[in-house]
Amino acid sequence: MVDPTPRSVKSVKSRLDTIKQGDEAQHSVSKVQSHFLVPSDKLDKITRRVIAPYAEIERKDVKEEVREGPYLDINRFNVFLEDTVDLNSLLYETANVLKAVTNSSGVFVYIVDPIKNEVVLMTQNTKNPERHEVNIPIEEGKIASAHVAFTKEYLVIEDVQRDRRFAEGLKWVDAKVALCMPVLKPDGDCYAVLELFRTHCEPYDHNIIYTVVSVACWSGAAVHQAQARITLQKTAHLNSELRTLLHNYFCDLASIDTMLTDMLAVIKSFIGAMRSSFFIIDREHIGEHLQADMWDDGWSSENTTMPRRKMKVNLSQEQTPAGLVARTGQVLNLRDVYRDPRFTKEIDPTTGTVVRTSLVAPIMDKNGVIGVVQLTNKTNAHPFDTDDEMIFSVFVNYCSLIVHFYNMQTKKIYHENLNKVYSNLMGLHLLPCRHDLEELMETNGVVLPPPNFKNYNYHISEGSKEDMPGLVCSMFVETFADRNFERQNLADFVLTVLLSYRDNPYHNAEHAFVFTHTMYLMLVNNTGYFDFVETAGLMLAGLCHDLDHPGFNNNYLQLTRHPLASMYRSSTLEHHHYFLAKKIIEVRAQITPLLTDCAFDWTNNSHRRMLKGDKERALGYTPLSMMDRRRYLNQPPEQIQFLSVVVIPCLMIVQTVFPNTGPLLENCRKTQEAWHEEIAIRGQKLWRQSVSVPRASRNLFNANTDTATN
């Protein structure tokens, strides 16, 4: 009976032409040596004959190159493997070598299909090889080749006709004895089964079995290495292509639609799929419906490169593989979607293509599924295999970067436009009241200062707080006597700034006024020391230095992760005051009151008693000592220390430069003395003596103190 030949075997002439080209290319260099060096004493005669085309045999401590025989040597083997990468043809040639050296009547080669769980007999070289395929289910105890594929152990049948395990014999020939050998890869998977048989009754001896086992092991290793090399080459090429596409996208050289269309075309080409789809889940609006943006490159038969985007799909309701993956977060490799009861029978209305196979993977982050990628139908009509899954996983890793960048860009655009809307809205709401502006302009934008206005001891509480805007305008007009202000613009600016202070107990508009008044007196009493820019900077700094102060210190903002604390790494409030002042001065962009704690009501007496320290303690933090009502006894000494270490040294320097600022230093010393009086009234010492005396002495001290007190 004529042995079957593989459908993909190239002609001898074509193969020899390839070998000849390879020999000519290496004519000017030394001949490439074989990759294997095998000691002769480890091999029997038959094994040496089989291995000879692929290895050097070491004989009597001398390397002797085996004379070229009728089979491919290792160099030609490499050329064949690199150029054709036709593993089935290579395996069929190896089987014919074994047939010759084992004196077999014939050989069958069965390729294992792990997806269908079948062994497929390599058919004769016909025009339509698929029509002549013979598929046998892999199971134990019926057909010898399927039995070996199941057990993954070689099988010797000494009497084919009488072996009750395989009553049908070898099924294809009238064989007497048979040797079935699995071709196992290093990972344990069975790639193929070689079935040698004899039509005469001479059994296969141990030497022949050893030879066939050796060659089968080598073949399995070769198949494994070749498949791994092909996969690595594809992966490396895919990485290069995707990096280029992502570079263009991240550098804003390509839109999301163009980039995704190109990426889908790349992965479809690499794996050999007919269609590819990309879904980005809308995580901002997840509810009953799982909405997603979908990009689809269409079927390969449509021949279009135009970006195709379906605006929204509902993955929570659609009975599709992509919907199931989006809900479960599990990879799916479906062999026949059309017959799977979980999904609707999908037929593309444009091309009439039936969705059969599908490879679907989720795009994940720490919060769950953020996207889905799907491949549909392989061009060779086969299901997606493990190599496809490996290549697809590389693509999915890049997809996670795309989705994160896309979401980040979407949020960026949204917040940029939101800020513009808020800026315009707040600009309208923070305009000074028309009646206040008109009332102020009745006096030409300024108010006549009271008699003691140029005294450092003056405080706004002595007069009317409604006069603050006019008095500020008066200070600016007098400070810049050589400059002409447009009075309405000045009044508008001052009213806007004072409105930008919150109704805090301390950092409020009155505090800004007092600070500006002190700076005003220092400048008008010491003219000629500062130029216009410096004078303007000092006055503006005095008026704007606590703009939109929330009533809490930087430490509290950082502990509570306030939005302001995330905007600046250090000096949070100082940066915020400067930012708002700069905006008001330059473009009159107003502050956003959304940062205000709307839950805090200053008209509520219980709220007014609640200081920052109480809020901090409620959140589980320990307030600063000066803000902690539980340690209020420490407040006087801490205030004295602050005045002594910070304030008084600064004022002494100021007095040295400007002697007429002496009242400021004098008032500071009076404040310090007032805190000393507070300590005396409370009967508290600046330090705790009880901490620094022995226990016995401490009791005596306490007793004496009590006696003295009584």
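Specify whether the C-alpha gyration tensor of the stretch 134-211 places it in the rounded, prolate or oblate class, a ≥ b ≥ c being the square roots of the eigenvalues: rounded for a/c under 1.5, otherwise prolate if a/b is larger than b/c and oblate if not. Cα axes put the stretch 134-211 in the oblate bin. Figure note: His575, His147 ranked by solvent-accessible area, largest first, 1.4 Å probe, ligands and nucleic acids not counted: His575, His147.
Stretched out straight at 0.36 nm per residue, the stretch from Ser566 to Glu139 would grow longer than its current Cα-Cα span by 147.2 nm. All other residues whose Cβ lies under 11 angstrom from that of Leu521 are scored, Lys and Arg at +1 and Asp and Glu at -1, for a net of 0.
Summing charges over all other residues whose Cβ lies under 9 Å from the Cβ of Asn377, with Lys and Arg as +1 and Asp and Glu as -1, gives +3.
Other residues within the sphere of radius under 15 Å centred on the Cβ of His247, judged by their own Cβ, net out at -2 (K and R +1, D and E -1). Averaging the Cα positions of each part gives two centres, and for the stretch 315-369 and the stretch 202-261 these lie 26 Å apart.
Output needed: percent of Cα pairs per 5 Å distance bin for the stretch 154-194, bins running from 0 to the one holding the longest distance. Calculated over all Cα pairs of the stretch 154-194, the distribution is 5, 23, 25, 19, 13, 10, 5, 0 percent.
Extending 7 Å from Cα along the Cβ direction at Lys420 and again at Arg164 yields two label points whose distance is 8.8 nm. Ranked by solvent-accessible area (1.4 Å probe, protein heavy atoms only, all chains present), the residues Thr443, Thr379 order from largest to smallest as Thr379, Thr443. Under the combined filter of DSSP loop state and at most 16 neighbouring Cβ atoms within 10 Å, the stretch 480-586 retains these GluC sites (Glu not before Pro): Glu486.
By a 1.4 Å probe calculation restricted to protein chains, Met181 has an accessible surface near 10 Å², given to the nearest 10. Principal semi-axes of the equivalent ellipsoid, √(5λ) from the alpha carbon gyration tensor of the stretch 197-239, are 38, 10, 3 Å from largest down. Surface exposure of the stretch 186-331, expressed per residue as accessible area with a 1.4 Å probe, stands at 49 Å². Modelled this way, with points 7 Å down the Cα-to-C-beta line, the labels at Val213 and Val533 are 9.3 nm from one another.
Solvent-accessible surface of protein heavy atoms, probed at 1.4 angstrom with all chains present, puts Asp531, Asp296 in the order Asp531, Asp296, largest first.
Working ranking of peptides 111-117, 469-475 by packing, defined as the average number of other Cβ atoms within 10 Å per residue, highest first, is 469-475, 111-117. Taking a threshold of 28 Å on the Cα-Cα distance, which of the pairs Lys234/Lys378; Lys99/Lys378; Lys99/Lys152; Lys312/Lys411 fall above it? Exceeds cut-off: Lys99/Lys378. As a ratio to 2.2 N^0.38 Å, the alpha-carbon radius of gyration computed for the stretch 417-547 takes the value 1.08. Volume per residue for the stretch 136-288 equals 187 cubic angstrom (convex hull of Cα atoms).
Taking R0 as 30 Å, what's the FRET efficiency between Ala481 and Lys670 from their Cβ-Cβ distance, rounded to 0.05?
Details: r = 33 Å, r/R0 = 1.09.
Efficiency computed from Cβ-Cβ geometry: 0.35.
The values are calculated or read from the model by the stated rules, or taken from the named source; none is laboratory data. This is a predicted model, so every value here is computed, not measured. Virtual Cβ from ideal backbone geometry, glycine too; neighbours counted across all protein chains shown. Side chains are part of the model used for accessible areas, which takes the heavy atoms of the whole protein and leaves out ligands, DNA and RNA. Shrake-Rupley method; radii C 1.70, N 1.55, O 1.52, S 1.80 Å.
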